[in-house]
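The values are calculated or read from the model by the stated rules, or taken from the named source; none is laboratory data. Everything numeric in this text was worked out from a predicted model, so none of it was measured. We place every Cβ from the backbone using ideal geometry, glycine too, and count neighbours over all the protein chains shown. Surface accessibility is based on the protein's heavy atoms, side chains included, excluding ligands, DNA and RNA. Shrake-Rupley method; radii C 1.70, N 1.55, O 1.52, S 1.80 Å.
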Amino acid sequence: MGDVRLRRVKQLSHQRGTESTGADQSALRDRLAALRGPGRQPRPLDSRALTALAANPGCSRRALLDSAGVDKAALAEVLGAPANFGQSQFAFARGHAFEAGATRDGGAELVRLLCAHTGQAPPDPQLLECPDLTAEGPEGRIERTREALALAQARGQTGAEGGPGGWSVLLHPMVRLTVAGAPVCLEPDALVVDGDGGVTIVEIKSFPILDGSAAPTKVGAATRQAAVYGLALEAMEVRAAESVLLVCPKDFSNLPTAALVDMRKQLAAVRRQLRRLTRVEELTAALPAGTSFDLDLPPDRLAGAVDSVPAAYAPECLAGCDLAFHCRSQARTGNDPAVLGRGTRAELGALTTVKAALDAAHSDPPPPEPSDPTHPAGPSDPPDPAVLALRRAARLRAEVLGGDGAAGADGAGPAGGGPCR
Amino acid sequence: MPLMHSLARMEAMAAGRAQPLTTVLHRHLSRQPLVLVPLTTAGEVGAPLGAMLGTDRDHPLLLTVPQPKDRDLRFTFLSDLAEALLPHLESALEETEQVREDAEVCTDAPQLLVPNAPGAEFVRLLGRSMRFRRTAEEDPQTPYPSPARVPLLGRWLTHYGERARVPGSSLLLSMTEVLTRHWATGQSSLEDQHLGALLAWLRAGPEGGGDTAALEVETARDEHGQLRTPPSGPSTDPAFDNRVLAPAVDRYDADLPGSAERVHQLLGGQLRPVWDAMWESVDLLRRLPEGERIASRWESDRWSYTAHRDRLRAGEPPQPRRDDAVTAARKLSVRERDQARLQAQEALDDPLVMAERRLAGEAFVAEVTDSWMTYSQGRRPMPRPVLALSTEDTPQWAPGARAYRVLPSGAAQPAEFLAPEDEPADGSADESAGAPGAPGELRLRLTGGMGRAKEPAPGSVPEVGDRVCWTLFEHAPRGGPSLPEPEDTPWTHGGPPQSGTPLPEPRTAERHGTGGQSGEAGRTGGTGPPGVTDPVAHSTLPDPVTAEDLL
Ligand code: SF4
């Protein structure tokens, strides 16, 4: 990854023009605030939640609740189906201690790790700045981040008397991304601005890099999160490096080590997924009048409101969405094959319920007559390949297991003869 | 997921109870396995919190760490773990059988059972965290000397953990993976990771109810917000950590009397239900008849165990941190081969698994409707009988493609598909056998497995009216691409391995002269009679040749 150079600021013009006008925005914000319930603060979306949202772009329910800033965990509790999530305080304490260690000395350690990967010479400590980003409220913090970032880039580009430019580390900046037409505030762990004004996103994680490698699924999730920050920066007309600096504990220790991970694929994927999200205006417009997700409402009214927004449940929801148990029980009641996995649902094509699939599997094949030229094939059995495959599968299972093939753990004995000879 | 499995899951949903995916057992299950249920500390890498283990279901050993951040306490735990596990892991070192003049293999190997895949991964991680430790005896200067037998346990657990990645191996088994290989539940594979929920589906009788029972296991909490059925580890439930464990650990930190016992008791309460679920699972698996080819795969495991023993005895250093490029590539290609072999063997052992392959067009059952003799060209014409077959299956074949069936001896008999116009029947063919080329009508020419004589050996040619199962896959798939020797590793792939990680001489496999082994070999390797150009001579000494055993 030696030649991943940090990019200069680039003016991005294509973002303009697609933004809604200020009046639209504030009307939408009012509408979402009303849905949340009077006087409730919106629950901020973090990048993890956003990647989970992006991973299920077909789910309007989640898109709407997240955009409105409804506390889904509390909502699930009211609905009587709380998620099994939560963070252990042991993990929390360790994660915090690790992040504090990795960002100590005004980010000097982060800069050292970055330089070790890019081959850049680390700056003189004098030339390293760590601006204070504290400000009132998210809007204030976003503004403060914007200023600090512009300043840092300027510092980088104009070294004193042609000397090397100054470096900056922005710890916990705040950026904004428009998701499904509604603004979302996000807080990356850190941004490093180098002596050429190039910006690198830093993601600090507490899973280890063990003997030089880390769990691919975790790296993938971290990279997708970083990609979300990349898009948010783009919206601020800052183009960050296309590789994220992933900082993790080394082996079994608490010492930071890092990897520079290419996130171009994730950038493209998240961009595509976010584009596929239905715009929140359309979702709100489709709601029945009087819909509210106010957590003080009686559970049955809340359930009614939630269920009026279409969902797209899949088992992956269990790992990423607080409403998973609620949506799952709904999907189970509705006999939705997606409870077994997205793949199963796709496989079944037009058979959209488990019952329909089982009926098809155990249906009798049509009599062979239709090929008779005097009787043109009737409409009785359209040759749905899913139906044919299921029927064959059921026949083969019955051939081996005998009868209806139903048997629990204790009834698995072979009925169709011994091993294949 | 294969459609057959989707169907079984949907049937399980409808019936409220698990449905079989197999008719026989496809993993070796020892007479005396050691069950190990580990717990890890959230957020700490490879930091053990406790474990319940043993070979006697009524007398588990419970080991716990009252303050997981304390290195000394962790060392005490690991030391106790070594004392408890090593006798089991070393229990089969001495009993061997001589398979060749220069090769002996342990007659058995100890087995470890853990609840789920993350549990198996944790075993690997524990192994990694221990095997490079130095004891004060080895290195008086070492800052935190490890208790005596801990590094040795690390090497064993590394070996077992690594071996668990080999398809079909059974030294270290994850219970949820074994159960889901044999039964389909009415939930997704994600939910099947919870041993308790999985068992709820398996326990349900004809009246169903597995779905509600599984939901109860997964979500029911008591008045303190604690899960009634603890998760199957190695992670604990966050609510347990925060509301129960953390206060208990705080009391331990404050040096309150009885606080260590309290942590011990609390962790025991989390572990015991999983422990019981493990043994219930063992009972379920024992009810299945054993697949015929399990023994040959278990033999590979015994070789792997023996090779690890030999490395320890030879005083070799611990397994390296990272595989060099050649070793890694070897492992990969061996695993691909093992995967193909496992799939073939499971299908051959089990008509229900074969049914999946039939559905996929990779195998078919056909009735012999006619047969006639032809001979090969050349100086010594050999019998090449042609069979006309009729099937309701839909094999994906092309002229010249190979098909195999199992001979009564257990060996594989090869054949090739003929195009409809090839080898017409000599006029006497019964018209009712169906026109060649019509759907379901096939022709195969047997190309081996009939002995060396001019007439096929008795029983080596199916007769008209026989129903025979043919596969389009080999019964004993061979290894992947050839790779350079380790010392010839190109610099682009990291160069030859560093000295200090010596690689043992690869042993060449041999099939002949293995005495009592040959019967096994015939079946497992699918080797036909001599003269048949059939695959795999190397299945009696399978793994010693491979990188798996260098671990
Ligand atoms: S759990 Fe429900 S709301 Fe959440 S993403 Fe899945 S379907 Fe959408």
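Between the stretch B:367-418 and the stretch B:30-99, how far is it from one alpha carbon centroid to the other, in angstrom? Result: 53 Å between the Cα centres. Taking the inverse of the mean 1/r over every pair of distinct Cα atoms in the stretch A:202-346 gives a Kirkwood hydrodynamic radius of 18.5 Å.
Defining a contact as two alpha carbons under 8 Å apart and six or more residues distant in sequence, what relative contact order in percent does the stretch A:236-291 show? Computed over the stretch A:236-291, the figure is 25 percent.
Please say if the stretch A:269-354 is rounded, prolate or oblate, where rounded means a/c under 1.5 for a ≥ b ≥ c the square roots of the C-alpha gyration tensor eigenvalues, and otherwise the choice is prolate for a/b larger than b/c and oblate otherwise? Verdict is oblate for the stretch A:269-354.
Ranked by the mean number of other Cβ atoms within 10 Å of their residues, highest first, the peptides A:166-172, B:351-357 fall in the order B:351-357, A:166-172. Total buried accessible area between B and A, probe 1.4 Å, nearest 100: 5500 Å².
Surface analysis of the stretch B:1-127 yields an accessible area of 34 Å² per residue, using protein heavy atoms and a 1.4 Å probe. Once the partner protein chains are put back, the stretch A:192-234 shows a loss of at least 50 square angstrom of accessible area, versus the chain by itself, at A:Asp211 (probe 1.4 Å, ligands and nucleic acids excluded). Please list, in order, the residues from the stretch B:260-280 whose amide nitrogen is less than 20 Å from a point placed 7 Å along the Cα→Cβ vector of B:Ser91. Label zone hits: B:275-280.
Shielding of peptide A:81-87 by partners, expressed as the average count of other chain Cβ atoms within 10 Å per residue Cβ, is 4. Neighbouring Cβ atoms from other chains, within 10 Å of the Cβ of residues in B:123-133, number 1 on average. In this simple spin-label approximation, B:Gln67 and B:Trp372 carry label points 7 Å from Cα along the Cα→Cβ vector, and these lie 9.0 nm apart.
Taking label positions 7 Å along the Cα-Cβ direction at both B:Ala438 and A:Gln89, the computed distance is 7.9 nm, reported to one decimal. Name the residues of the stretch A:240-270 whose amide N is less than 16 Å from a point 7 angstrom out from the Cα of A:Ala116 along the C-beta direction? Inside the label zone: A:245-261. One compactness figure for the stretch B:205-338 is 1.60, namely its Cα radius of gyration divided by 2.2 N^0.38 Å.
When the expected Rg is taken as 2.2 N^0.38 Å, what fraction or multiple of it is the alpha-carbon Rg of the stretch B:3-321?
Rounded to two decimals, the normalised Rg is 1.05.
For the stretch B:208-255, trypsin sites (Lys or Arg not before Pro) meeting the loop criterion (DSSP other than H, G, I, E, B) and having at most 15 other Cβ atoms within 10 Å: B:Arg228. Return the FRET efficiency for the residue pair B:Asp250, B:Thr135: r is the Cβ-Cβ distance, R0 is 51 Å, and the value is rounded to the nearest 0.05. Efficiency, rounded to the nearest 0.05: 0.95. In this calculation the C-beta distance from B:Arg31 to B:Ala314 is compared with R0 = 25 Å, giving a FRET efficiency of 0.25. For the peptides B:37-50, B:387-400, the ranking by packing is B:37-50, B:387-400, with the highest mean count of neighbouring Cβ atoms within 10 Å listed first. Available extension along the chain between B:Arg286 and B:Arg243 is 11.6 nm, counting 0.36 nm per residue and deducting the alpha carbon span.
For the stretch A:35-51, the residues whose amide N sits under 16 Å from a probe point set 7 Å from the Cα of A:Arg301 along the beta carbon direction are A:35-40.
How much length is gained on full extension from A:Arg395 to A:Ala350, taking 0.36 nm per residue of separation minus their Cα-Cα distance?
14.1 nm
Counting only other chain Cβ atoms within 10 Å of each residue's Cβ, the peptide B:39-47 averages 6. Each residue of the stretch A:21-95 gets 144 Å³ once the volume of the Cα convex hull is shared out per residue.
With the simple model of a label 7 Å out from the Cα in the direction of the Cβ, B:Arg380 to A:Ser363 spans 5.9 nm. Treating r as the C-beta distance of B:Glu223 and B:Asp102 and R0 as 60 Å, the FRET efficiency rounds to 0.35. For the stretch B:108-188, the equivalent ellipsoid built from the Cα gyration tensor has semi-axes of 33, 12, 8 Å, listed from largest to smallest. Across the alpha-carbon atoms of the stretch A:209-273, the computed radius of gyration and Dmax are 12.9, 39 angstrom. For the stretch A:89-274, the pair-distance distribution built from all alpha carbon pairs, in bins 10 Å wide starting at 0, is 10, 37, 38, 15, 1, 0 percent. Near A:Tyr313, within a Cβ-to-Cβ distance under 11 Å, what is the net charge of the other residues, with Lys and Arg +1 and Asp and Glu -1? Net local charge, A:Tyr313 excluded: +4.
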